[in-house]
Structures are given as structure tokens and as C-alpha cells.
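Heads up: the structure comes next, in C-alpha cells.
The values are calculated or read from the model by the stated rules, or taken from the named source; none is laboratory data. A quick note: this is a predicted structure, and the numbers were derived from the prediction, not measured. Counting neighbours? That spans all protein chains shown, and the Cβs are built from the backbone with ideal geometry, glycine included.
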Amino acid sequence: VIMSGLSETERVGFKKILSSMTDVDLRSLSDTVTNKMIVVENVTEAMETILSFSKSAEELLRRRKVHRDLIFKYLVKEGVTMPPTSEKHQLVKRTLELWSSVTVGQAKHTSEQLNSCKTKHNYNEQPKKHTKHDKITHETLILGQQFCQWFFQILNSQNPSLGQQPQDWGPQHFWPDVKLRLLSRATTEQMEEFQGAEVVSLRLLALTSGERLVFSPNLDPHGLRAVASPHGLVLVGVAGTIHRDQFCLGIFEQIFGLIRSPLNENSWKIKFINLKIRGQDGIEGTEVAAPALNYNSSELQLLCS
């Protein structure tokens, strides 16, 4: 199971590099990496979001806001000497080499220790961490799938053309300060923003009840991703198709921010929703079958298994 595009070594390294950046640059980088789909409240959240949504270490190091000097200073602190005249691409290459050597070195060390201490109980703890980590990632993904099944089932049930009994939709499923960003693109692009449980609930209801849309999420691995932040926020991203009657109107990509309700361990409420809808005009024919989750050439990669 792979947790985001970054290894633990790379995450640790990036935290050192990013902590030298200005607040303005950090927020700007967070916007770039997530395609402005996630609004961060503070610097810690910006850093966590950047790490979670970056596809690879190389991609993040090459970002314009990750200046050459930041990488140079990081390498110096790590005891790696590079000529002061080195260009950014050379520093990037050297940083990636450093990180991969650490990972390979650790793995080799671990396997040697394991082989020599099979009978003891106090051997290197690393493998245990991995299994716990894998378990958390897997659980988050399951949560994401269950949440999407639940959410789209009750939202679609409000559509009168399906002839279903409408299920229990309403503001109770959202945090009071929930935010909705709705970006629709058919012939023109339109961005709407809503805040508050009542308003957000009604705007989403209008899509199925009023506009008679049916959302068909793609819950396969390439259509759904889920990631948990250390602060208890779970991000679920899903792609899918939108239908009305017999017609496929286009595709959607949606990100949910979920926070567990303090009153009920098993209850999660929606903190924010970013919904992108693309009409049939704006999409390639092949995409419709089972859209994959990607924002602008896959800039957005949630943690995935």
C-alpha cells in the first residue's frame, strides 16, 4: 500500500525544506499543488496538504516556489557538499539520490537485523510501523468508499425521475460552517461558493431534485482516493459520470473534507465539498466510461492504495 507519492524519508526531508519557506509561498504552493481545490486555514495545514497531494518528490522539488537556495541550504545542513554554483536541477538530483540512499540503507539494515534476531522480540520496530500504517491507509480507503456509497445514494434518491423513496437528506449531515465550491464547465466556466449547512444542503439538493441529475461515482481504485491528516480531517476524492434520464451529460470530480462527530464515534460530518462538473462539450469521448480522479493533468493525487 502506497501512502501518497512520498516515502517517509521524503516527507521528513520536505518538512525541513518547507519549514524554511515564507508563509505566503507555502500557501501559494498549497494552492498550486491542489489546484486551489482546498482552502488551508494555517501553515501546518498548508504543509500537510502539500505533502499529501504531491505525486512524487521530484515533482515537488521542481516546483517554482521551492527555490534553489532552499534545497542548497537543506543539503548543507544534511552534510552534503555541493558547489555553490550548482543549478537547481543538479540540487534536485542530488537530494533525490540522498533520500533514496537513506531508504535503501534502512531497508537493508532492517532485513539484516530481522534475519539475525528472529528469535528475539526486541528487533527493529520498522516493519510493525508499516503494517499499522498500511492498516490505517486501508481503513481510510474503506471509509472513503462507504461514505461515497452512502452520500450519492441519499443524494440521488432525491431525484424524482428515479421513482425512489427520498432518503434522509438535510443540513444534519454537515458541520454548521461547511463550505461548498461548485465549479461547472460546459460552454462557459462558472464558479459558485456557498457556506453554512442549510445553504450547502439546499444547493446540492437542487442538483438532483431540481435539475434531475444522477451522480454515478466510480468507486474503483483509479476513481476514488482517501487520505487522513494527523489532525483528524479525512479527505475523500471521487470521480464519476453525471446522467439525466438516458443521457450521460458529463463527468464530475469531487473532494469531501470529513471530520468525525465528537458525539458519535461512527458518525462523520462534511466540513467542505469541492465539486467540479464538466459538461459533455468539455470532455473527450473515452473519458466517460469510468473517469479517473485527476485535476488538470493529475496534479491532484490523494493518498491512495
Count - residues of the stretch 4-37 that are surrounded by fewer than 20 Cβ atoms within 10 Å (Cβ to Cβ), in a loop (DSSP other than H, G, I, E, B) and either in contact (Cβ under 8 Å) with a residue 60 or more places away in the chain or within 16 Å of the chain's Cα centre (by Cα) (or both): 4
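Every residue, every condition in (1) under 16 Å from the mean Cα position of the chain (by Cα); (2) assigned to a strand (DSSP E or B); (3) assigned by TED's automatic domain parsing to the domain that holds ARG278, yes or no:
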| site | (1), (2), (3) |
| --- | --- |
| GLN164 | no, no, yes |
| VAL200 | no, no, yes |
| THR208 | no, no, yes |
| VAL227 | yes, yes, yes |
| PRO230 | yes, no, yes |
| VAL238 | yes, yes, yes |
| LEU249 | no, yes, yes |
Every pair of residues 6+ apart whose Cβ atoms lie under 9 Å, when the first sits in the stretch 208-225 and is surrounded by fewer than 16 Cβ atoms within 10 Å (Cβ to Cβ) while the second is assigned to a strand (DSSP E or B): GLU211/ARG244; ARG212/ARG244; HIS222/ALA239
Residues of the stretch 166-198 that turn out to be of a type outside the set (A, V, I, L, M, F, W, C), surrounded by 12 or more Cβ atoms within 10 Å (Cβ to Cβ) and part of a helix (DSSP H, G or I), as a count: 3
Test: residue in the stretch 38-45 that is surrounded by 15 or more Cβ atoms within 10 Å (Cβ to Cβ), under 23 Å from ARG225 (Cα atoms) and either more than 16 Å from the chain's Cα centre (by Cα) or not β-branched (Val, Ile, Thr) (or both): yes
